[in-house]
Amino acid sequence: MATTNLIATSNAVRFFSSSSSLGNPNHFLSRRLSQTTHRDRVQTSCCYRKMSLEAVKPVVKTETTGGIGIVRFLRGKSYFVTGATGFLGKVLVEKLLRESPEIGKIFILMKSKDQESAIKRLYDEIISSDLFKLLKQMHGSSYEAFMKSKLIPVTGDIGEENLGMDSETADQISEEIDVIINTAGRTTFDDSRYDAALSVNSLGPDRLLSFGEECKKLKLLLHVSTAFVTGKREGTVLETPLYIGKNITSELKIENEVKLASEAARKFHGSEKSKKLKELGFERAQSYGWEKAYTFTKAMGESLLHSNRGDLPVVIIRPSVIESSYKEPFPGWLQGIRMTAPLILGNGKDQIPDLFGDYQSSCDVIPVDMVANAIIAVMAKHGCGNVPEVKVYNVTSTSHAHPLRMGEIMDFSYQHLCDSPLTETTTKVFELMKRAMKNGEEEAESHTTLSMKGKRKLKYFVSLAKHISLTCSFKLAIRLLTYSKYIYTRFDDTNTRSLLNELSVEERKMFEFDGSCIDWEHYFINIHLPGLKMELFRQISS
């Protein structure tokens, strides 16, 4: 029934120009309009009713001719990967295994209490994941044996000295790996604690450098940063490395920031500690010209890589807002409720009655499979170890002729959700989140019989509920204002486009990362929004 639908036509959001709003004719006012207002709306040619999430068919891999030799480079190489259970890391691992079955080993750093727990995490979070269903089709009954022969879980933590590894394990890995790939990072809906963000985002890359210096045949350290790492700067962001004394003020002393965070961690206790450390991170970031602790600590991490790398070859990948897969291994795969989703869901839940903003402002989004492909291409390009200076690649979409607009995101969402509303089944998600927001924090801290996995899930839903339960447009306006740096920034991708031009025709088909080819209407209506629905269903049912 329409009354039980979570999102119905009468609840959808539309944008219309309002020259009086914000005093600019290009600004829009988004307001809920009656169902009859849009009854005659012209529909798109995209067939979003019948969107399919079928995996692409497996193909026999052959040596490509010309290009930079990606397939040839991957064959036989071994890797050390951090953040492999995360959104991007998991897609990267899948692509490596699918395109190069002859790959060596992939050592995966996992935060676990012991090796047995790490093996279980590997199975639960990677081997049994639906993301790998194409590999399951390719290998059939030998799938698990293949995965276990290639993926080696390593107990450790990038936030600890020596990466939390014992010396024997570290020595073994140092003899085998050719490339280190760092996709780990402390990112949450709200800013992380400052001490944790510093440990992982800033000091973590430096710890990887120290480990890399001990690796006998290491050819490259590839670090995944973020396109928003340059702080509150409008205009064009170039592909240049960050380091203190040049494009970061020499007044910033990373050791002082670590000391401040450590002192705050000792001073406060319980829930107050987390609150104060989040506030400290925000304050320190703002004082140095960054929006939030995440991007600020990522900038410090890049700076340490630049100053401490010595002769170690280092490249940095800077993706923008990473969203669901465009094509591979199937369209619409998503892990977690990510950047644009809370805005879309908040509108759909009728919790954001009005929305002010600039319809034409750009929003830099890039599908996760394109980021993974770019990482692999960059590895092949620089895997010979010839990187005299730190090389940066912006993997973004706003530098192209037709970037995604903020207004279009809501237009496409309106169009899809009018035609295919989230029904009462999904209402259970929001009911759970409401309960979690009300009772979750108390339950999580009480002495219950919840497993650690159950507590993590409960904590996640509490965070999610807080993030999308926006009760008025003012709260969203604050979020949009903090997001304004991204909206009015474009990212130069000269290095990335130059690399694309070096790829052969076959390589571009196999490892596509050209953001200019994205049909945004098709992507949001046919791919991203159905994928978002599936992720909501998966989370509530798992």
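Where a number appears in this text, it was derived from the coordinates with a stated rule and is not lab data. Predicted, not measured: the structure shown is a model, and the values here were computed from it. Reconstructed Cβ throughout: ideal geometry from the backbone, glycine too, with neighbour counts over all protein chains shown.
Once a ≥ b ≥ c are taken as the square roots of the eigenvalues of the Cα gyration tensor of the stretch 249-332, is the result rounded (a/c under 1.5), prolate (a/b larger than b/c) or oblate (a/b not larger than b/c)?
Details: a/c = 2.41, a/b = 1.35, b/c = 1.78.
Oblate is the answer for the stretch 249-332, as a/c is 1.5 or above yet b/c matches or exceeds a/b.
Answer rounded, prolate or oblate for the stretch 108-196, using the Cα gyration tensor with square roots of eigenvalues a ≥ b ≥ c: rounded when a/c is under 1.5, else prolate when a/b is larger than b/c, else oblate. It is oblate, given that a/c is not under 1.5 and a/b is not larger than b/c. Among 282-292, 177-187, 249-259, sorting by the average number of other beta carbon atoms lying within 10 angstrom of each residue, highest first, gives 177-187, 282-292, 249-259.
When Lys and Arg each count +1 and Asp and Glu each count -1, what net charge do the other residues less than 10 Å away from Glu213, Cβ to Cβ, add up to?
Working: positive: Arg309; negative: Glu214, Asp311.
With Lys, Arg at +1 and Asp, Glu at -1, the net is -1.
With +1 assigned to the C-beta of every Lys and Arg and -1 to the C-beta of every Asp and Glu, and no other charges, what is the dipole magnitude of the stretch 177-285 about the Cα centre in debye, to the nearest 20? Once rounded to the nearest 20, the dipole reads 180 debye. For the stretch 140-157, putting each phi into the Karplus relation 6.51 cos²θ - 1.76 cosθ + 1.60 with θ = phi - 60° gives couplings of x, 5, 8, 4, 5, 5, 4, 4, 5, 6, 9, 9, 10, x, 10, 6, x, 7 Hz, in residue order, rounded to whole numbers and with x for Gly and Pro. Does the stretch 284-326 come out rounded, prolate or oblate by the C-alpha gyration tensor, with a ≥ b ≥ c the root eigenvalues, rounded set by a/c under 1.5 and, if not, prolate when a/b is larger than b/c and oblate if not? Taking the square roots of the gyration eigenvalues as a ≥ b ≥ c, the stretch 284-326 is oblate.
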